[in-house]
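Novice: This is the structure I want to talk about, given as structure tokens.
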Amino acid sequence: MIDVKKALAAEVERVYPKIKKDAEAGGYHLNPDVQFAKDLILGLLVNEKRYGYWACPCRLASGIKNEDLDIICPCDYRDADLAAHEACYCALYVSARIGAGKEAAEAIPDRRPPKEDRDEMKTKARTERVRRLPTLPIWRCKVCGYLCAREDPPDICPICKAGKDRFEVFA
């Protein structure tokens, strides 16, 4: 029988630099413990073989892509987790402070709602989509015009790399 970890080891070595480069280009940082980050990437690759998509290796995926869209890496919860805890749930993505080794990532609570709540939220979203106004502020980068809807502006603009202070509320 083929050892999946061994078969995917070369793939991890190929993918890691690309993920790191893409993360840094977007103003994000990977966990400075390279072996830990590579182990998480191995989990992503195993899940890709298993499900056909990069489900978070630290969560239980259903195997149904539409049900798991929120936990496909990078997951929907990454930015909120980084803002609140300086690391995403699995700690693949970390804050600049953790990335620089000034502090260590710690275990954080999972903010993903239970399946029943997610199903209810999807149903409500479908029925209210047309009537609903955005509930999050829209931030605009004053340098390049990048727009994002979230509680706070990103620390670094993923387009032009301008700092958080260069964002303004757009709408």
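Novice: On average, how much area does the Cα convex hull of region 52-130 cover when viewed from any direction, in nm²?
Specialist: 6.2
Novice: Test of understanding: given the chain, find the longest segment containing no trypsin sites (Lys or Arg not before Pro) that are in a DSSP loop and have at most 11 other Cβ atoms within 10 Å.
Specialist: Longest gap between qualifying sites, sites excluded: 1-101.
Novice: Could you tell me what a quarter of the Cα convex hull surface of region 1-77 works out to, in nm² with one decimal place? Walk me through the numbers on the way to the answer.
Specialist: Numbers: hull surface 22.2 nm².
That works out to 5.5 nm².
Novice: Which value results when the Cα radius of gyration for the chain is divided by 2.2 N^0.38 Å?
Specialist: Details: Rg = 17.6 Å, N = 171, 2.2 N^0.38 = 15.5 Å.
Relative to the rule-of-thumb radius for its length, the chain sits at 1.13.
Novice: Gly63: net charge of surrounding residues, Cβ under 15 Å, Lys/Arg +1, Asp/Glu -1, itself excluded?
Specialist: +1
Every number here is computed from the coordinates shown, using simple stated rules; none is lab data. The structure presented is a predicted model; accordingly, all values stated were derived computationally and were not measured. In this analysis, Cβ positions are derived from the backbone assuming ideal geometry, glycine residues included, and neighbour counts consider all displayed protein chains.
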